[in-house]
1. Among 220, 319, what is the fewest-to-most ranking by other Cβ atoms within 10 Å?
2. Let me have the relative contact order for the chain, percent, based on Cα pairs under 8 Å that are six or more residues apart.
3. With θ taken as phi - 60° and the coefficients 6.51, -1.76 and 1.60, list the Karplus ³J(HN,Hα) couplings across region 215-232 in order, rounded to whole Hz; mark glycine and proline as x.
4. Filter the GluC sites (Glu not before Pro) in region 1-106 to those in DSSP coil with at most 13 other Cβ atoms within 10 Å of their Cβ, and list the result.
5. What size of dipole, in debye to the nearest 20, comes out for region 270-489 about its Cα centre when the only charges are +1 on Lys and Arg C-beta atoms and -1 on Asp and Glu C-beta atoms?
6. What net charge do the residues around residue 371 carry, taking every other residue with its C-beta under 14 Å from that of residue 371, with Lys and Arg at +1 and Asp and Glu at -1?
7. How much length would be gained if the chain were fully extended between residue 155 and residue 365, taking 0.36 nm per residue of separation minus their Cα-Cα distance, in nm to one decimal?
8. Which percent of Cα-Cα pairs in the chain sits in each 10 Å bin, short to long?
Amino acid sequence: MRALMICALLLPLAGGLLLPLLRFRSGKSMRVFVGGVTLAVSALAGLLCAFPPEGTLRVLSFTPTLELALRIDGTGRIFMALLAVLWPPAVLYAFDYMEHETRQRSFFAWYTLSFFAVLGVAMAANLFSLYLFFEGVTLFTLPLVTHKRDAASIRAGRRYLVYSLTGATVALIGIVLLTGGGTMPAFVPGGSVTPEHGAEELYRWAFLAAFVGFSVKAAMFPLHAWLPAASVAPTPVTALLHAVAVVNAGAFACLRLTCYTCGTAWLRGSWVQAAVLGLAAFTVLFGSVTAFREKHLKRRLAWSTVSNLSYILFGIALMTPEGLTAALTHIWAHSLTKIVLFYAAGAVLVRTGRETVQETRGLGKRMPWTFAAFTLAALSLMGVPPLVGFQSKWNLLEAAVSSGLPMGMAGFVALLISTVLTAVYGLGVVIPAFFLPPEEAERLPSPGRLDPSWRMLLPMFLILCPVVLLGLAGAEVTRIFSEFASKLL
């Protein structure tokens, strides 16, 4: 099984590197190649999740204290399973969306390489390996953000790079202080770093630096502005990489840092826990308020992501089994929900050229399948039972109250207000789309239905299946994630 770990990483790496070099007779041949690689990697990832190999696989030693090593544990399996579920439908959607775009080979090459980097984050066995793959995510997704090569894309890419490098630098400072510049600790449930006597405050500052640095990709305030700017990228990028892979890599790195590197014994109840909880709670509220005010549809969804990623960070920072259970649940709930919302927004853009919330008025009758998918996903994002979004939000609210922390109660209030605002800005799209007259109907391409082809619709409804099924099985999902979380503290 260890050989499968190497195969699961080398296959998307080789596929992405070879794609620009291969000669395809047609675009269809290229799509078959990309689809085949994606399905094979997802199958391997799923197999590794079902039958994780024992122990650590040491791949490469750079120095006596720095080595690239792989290991698959409980939370790594949760993240890998999410990637395996979402990447194939994302590629199918991208085939249709990018059909009339230029530089498709370059796009799908970087798309495939991104799969390699994010899988590496899930499999990393120590902090050094995680950091390498984490920065690989930046390297491979930057060309996707700037794919259009227009002024807006270049500005977004520049901002993404600056924020990512800033986060990487701050995280590296924290890591060096935590490790003393020596051996990078392996990931051990409960933590492997113990502060030296008299140096507890320095270690807490180091943890804060590393947490904030990693949380840049999770768009936590104040280093959040890159994410809404990146919404200018093609929708397959914003949907998968900036609603699932990149942002979840940031949240996953914060989880590894908190529960597998530092542990919570010397963090719980300290000022640094209060600081992280405060930043996450503020981001939850700030992101929701800004999403409520935003009129551009994709940017509204991006600001919603800013808010929802801090739901996850808040759950991690509670440092309780209930908080970690809620965080793991919300990783799945938000990813499944938000990717469908972005897909629907992308379908509207491709089929009608409309980008603002106001312009979606009346489109529900012209694009019934698209807005049916959008509506169901929006209801899950609001936390309407029995959809999976309800389960994750309920778990977070319970965890906030049961923590007994003042900042936990402040977060509870922020979560409640955010839930109300989510309902307002979600229904603010759904209700006008179905019940108000269209905005300048003469601008629409043609009479009749405007839903996209099956290659864009099928991924939406495939992903909505677990949104419903996981919500109906909410108690069992919570129990499974609770078993993983209970082993981390």
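1. Working: 220 29, 319 23.
In order of increasing Cβ crowding within 10 Å: 319, 220.
2. The normalised contact order for the chain reaches 15 percent.
3. Ordered by residue, 3J(HN,Hα) equals 6, 4, 5, 8, 6, 7, 4, x, 9, 10, 5, 5, 5, x, 5, 6, 5, 6 Hz.
4. Values: sites: 54, 67, 99, 101; in loops: 54, 99, 101.
Passing both the DSSP loop test and the Cβ count: 54, 99, 101.
5. On the way: 17 positive and 11 negative charges, 103 e Å.
It works out to roughly 500 debye.
6. Working: positive: 351, 354, 361, 365, 366, 449; negative: 359, 451.
Neighbour charge sum, excluding residue 371 itself: +4.
7. Working: separation 210, 0.36 × 210 = 75.60 nm, distance 3.63 nm.
Between residue 155 and residue 365, full extension yields 72.0 nm more.
8. Whole-percent P(r) values from 0 Å outward: 4, 21, 32, 27, 12, 3, 0, 0.
None of the figures in this text is laboratory data; all of them are computed from the coordinates on show. Everything numeric here is computed off the predicted structure, so don't read it as measured data. So basically every Cβ, Gly included, is an ideal-geometry build from the backbone, and we count neighbours across all protein chains shown.
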